[in-house]
Amino acid sequence: MAKIYEIIVSAEAEKNIEDAFAWIAEANPTAAAEWYDGLVEALRGLSEMPLRCPLSPETRLGLVDRKVRQLLYGRNYWKYRILFVVEAKRVLIAHVRHGARLYLGQEETEEDAE
């Protein structure tokens, strides 16, 4: 029997998902609904064997201080990285980021730009 992990979606990840849905819906509302439904299924799928997903580039490059894993979801322009941490019997979804964005820890802040 597979170990079942509890899925916890952070407030940050919820906002990421809402923003992504709105962005996709501007171009294609039907695709946005399909993207969202598939994302929910992908998140549920992490309840079994989340360790099958590789460590994120952020982890491999030392940009974060935790072992962050990633699951790639979507296709074409709507490809996203689901970034999560596995702790005991929990999977914490930290971020859902568009695949074209810089890695966590590489973003330029407004203060840096001045």
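Brief remarks follow.
- Sequence-distant lysines (8 or more away, or on other chains) whose Cα lies within less than 25 Å of K89: K3, K15, K67
- What you get for segment 6-100, charging only the Cβ of Lys and Arg (+1) and of Asp and Glu (-1), is a dipole of about 480 debye around the Cα centre.
- Our helix-only sum for the chain, with -39,500 (n - 2.57) per DSSP H run of n ≥ 4 divided by its residues, gives a mean residue ellipticity at 222 nm of -11000 deg cm²/dmol.
- Over segment 6-100, the pair-distance histogram of Cα-Cα distances with 5 Å bins from zero comes to 3, 14, 25, 26, 18, 10, 4, 1 percent, rounded to whole numbers.
- Förster-model FRET efficiency, 22 Å R0, K15 and R66, C-beta, rounded to 0.05: 0.65
- Based on Cα contacts under 8 Å between residues 6+ apart, the chain shows a relative contact order of 30 percent.
Where a number appears in this text, it was derived from the coordinates with a stated rule and is not lab data. Just so you know, these numbers come straight off a predicted model, no measurement behind them. Neighbour counts run over all protein chains shown; Cβ positions are idealised from the backbone, glycine included.
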